[in-house]
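Participant: Structure below; questions to follow.
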Amino acid sequence: MPAAEFTPVQLQRLREHAGRYSRPSFLIQIALVVCLAAIPLVVPSFRTMDVVAKIMIFAVAVASFDIILGYTGIISFAHGMFFGLGAYSIALVCYHHPAPQYYHLLLAAGLAMVLSTVVAVLVAVFSLRVKAIFFAMMTLAVAEFVHILGYQWSDLTMGEDGVSFKLPGILASTWDGGQFLGTQLNGRLVVYYLILVISVVLFLGVVRFVRSPVGRVLKSVRDNERRSMALGYKVIHYRILSIVFGSVISSLAGALFALWLSYVNPDTVLGTPLMLNMLLMVIIGGLGTVYGGIVGAAFITITETWLPDLLKAGVGLLPPVELLQRLADRWVLFFGLAYVLVVLFFPKGVMGTIRDMVARRAAAREKA
Amino acid sequence: MASQATTATLDATGGRDVREIVFWVCAGGIWLLPLMAIDPTTYLVLTVAGFAMGMLLFLSAAGLTIIFGLMDVLNLAHGAFFAWGAYVGFSILNALSGLGWVESATMGQSIVSVLLAMAVALVVGGGLGLILERVIIKQVYGDHLKQILITMGASMVMAEIIKVLWGPNNEVMLVPLAFQGSYDVADVVINKFRVAAIVAGLLVYGGVMLVMLKTKLGIIIRAGVENREVVQTLGYNINRIFTGVFIAGAALAGMGGAMWGMFREQITPAMGDENLIFALIVVIIGGMGSVTGSFLGACMVGLAFNYVAFLMPKLALGVNILIMAIILLIRPWGLLGREQ
């Protein structure tokens, strides 16, 4: 077929498509997945496994946040809430059933998806009719309401105590599969690999979504709303679609989180700190890059695990002034400062900056 | 015949006016609905409490709405000014308590110490506003995404600094003696501080409206809300006005925080976030950029919160979100906001 029959966009896509298995980024992805799969076998410490599992879960949640924030340019403060809806779906289904089976988990995942779709559509329809910025305010209020509900509707959610539950079959922490190639097989390990597989699938789903024609329209809506409207796209429909898709993925990530901890409470899965963490991950990783989600999630989760210890050790070296001691307890303060500085001086995030560098180098090479 | 007569009256008085009046009468009538479930005495007590809460919400919502209307900045750090005001007021009252001007004060001393706490909270709020506007927000004018992200971060930092300076626990706020206790008017128990809060709220509303409607500054601000470029073309330094408005809004929020602390007699580092949620609901209900809208919205939110908190404590915040949703459904731009 002569090339003239293709539009420039199609040509670019064909070129990308042809080279997709030989690019360095593809090799990095494969290497990353292999590393993640090998970690429990190589480093048998539970703390490492815990950190890595959380990184995978948050990478998915943050990538889905990036669809809304980076690709559509809408700010949602309810992303943590959708995460929590997913987590609570799994927890409550497993808790309220005397002997949960595997299909209960599927049922709970379905429940999470339906619930988050309904909530996302309602909030979006109400607020987006006026201005995209209203969505930010309404989600803030709704998320706070659900957080309070998590505390106070104690007949359903057990309130502040949270819900701890048992998982079915080989996922249960009590399951013991004996030794295999020198590794102790147990429920934790099975859940780890389950999380690995599901989060890779979800992540690839997000990547596919932003590269689809719909993703392209979303970017155009973000960059120039009026022009997209003039081209005949129903801007509000695309915005709602993006919010719903992102929120559903987030709720599934939340379900994985509940699987991993087999415990949820309102503060860990519904609170403001979770939402702030997600925001921070998106910003540090880079808005509109999707893969930045992995970088951001890894950076924040690792810092969050080790920073409090580091600060305590650091204060130990300084004179014992009470104010310094208190400062060391407030590591969120340093998070907040870092966050403000990143937004001000490093707005493209890690992946955005790397992409810029690569693009600049490619341009220089073409010139030469 | 009857319908013709009605049409004639409608025409005579201008149909739109009648419809407006009917609308507002109905809107007012809704607030009598809780009477079906609450006995009149309790209803009056709750109404006073609701108005007092509404006035205090108005103090922070007023700044938020003008800042949004004029500067097009959504300031999510507004709640932090509020919390700072409360904590500063707390410290002032504690210091005055050492002089015996709080718990065992005379009428005059009580009034002076309350005013002093409010004034210092006002100044501290304004100062924080100045710093935030000059250092951070100035750099992100015109970029909603960055504004929201950065003010959220600033709010987080300010709340954490409160925890460093005053400790992370809830504190009991002292209330000067003359404002403790309550009046008893025909079995209706009216908390003294609530009356003070209502008076202060009305004074601030009156003051803000006076400035907005009768002074040159007010004209410039209102013109700026309508069209920023034209105001600039006429030779006014809009940036200086932005800073001034931001400081005023932050100061009002700080003062509101100090009063809220005395109203609830308890302060927590998280009170800023709570207040921000309420203020956002108020601003959305009232319409972005409208001071009177915020005033009405604040009263609605305060009243609804108190009635529902009495009937179904768990749904108190939910009912405000419901009101917000209904209002957005009927008037997407808020009660008195500009249609876009």
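Participant: Magnitude of the Cβ-charge dipole of the protein assembly as shown, K/R +1 and D/E -1, about the Cα centre, nearest 20 debye?
Facilitator: 2520
Participant: Under a point-charge model restricted to the Cβ atoms of Lys and Arg (+1) and Asp and Glu (-1), what is the dipole moment magnitude of chain A relative to its Cα centre, in debye to the nearest 20?
Facilitator: For chain A, the charge dipole is close to 1660 debye.
Participant: For chain A, what does the helix formula give at 222 nm: sum of -39500 (n - 2.57) over DSSP H segments with n ≥ 4, over the residue count, nearest 500 deg cm²/dmol?
Facilitator: -25000 deg cm²/dmol
Participant: Normalised by the residues of chain B, what does the relative contact order come to in percent, with Cα pairs under 8 Å and at least six apart?
Facilitator: 33
Participant: For the ranges A:66-77, A:331-342, what's the packing order if you count other beta-carbon atoms within 10 Å of each residue, average per peptide, and put the highest first?
Facilitator: A:66-77, A:331-342
Participant: Still on this model: Run down the lysines and flag those whose C-alpha is under 17 Å from the C-alpha of residue A:348, throwing out any fewer than 8 positions away in its chain.
Facilitator: A:219, B:146
Participant: In addition: Starting from the Cα-Cα distance between residue A:47 and residue A:16, subtract it from 0.36 nm times their residue separation and give me the gain in nm to one decimal.
Facilitator: Net length gain for the segment: 7.2 nm.
Participant: Compute the signed sum of charges (Lys and Arg +1, Asp and Glu -1) over the other residues within less than 13 Å, Cβ to Cβ, of residue B:178.
Facilitator: Net local charge, residue B:178 excluded: 0.
Participant: Something else about it: What pairs in A:312/B:163; A:166/B:314; A:54/B:163; A:131/A:234 have C-alpha atoms more than 23 Å from each other?
Facilitator: A:166/B:314; A:54/B:163
Participant: Against the empirical 2.2 N^0.38 Å scaling, what ratio does the C-alpha Rg of the stretch A:38-367 come to?
Facilitator: The reported ratio for this selection is 1.05.
Participant: Would you kindly compute the Cα radius of gyration of the protein assembly as shown and its largest Cα-Cα separation (Dmax), both in Å?
Facilitator: Answer for the protein assembly as shown, Rg first and Dmax second: 27.8, 97 Å.
Participant: Binning at 10 angstrom from zero up to the longest distance, how are the C-alpha pair distances of the stretch B:40-330 distributed in percent?
Facilitator: In whole percents, the pair-distance histogram is 7, 28, 35, 22, 7, 1.
The numbers here are math on the coordinates, done by the rules we state, and not lab data. Bear in mind the structure is a predicted one, so any value in this text is a computation, not a measurement. Every residue, glycine as well, gets a Cβ built from its backbone with ideal geometry; the counts of neighbours run over all protein chains shown.
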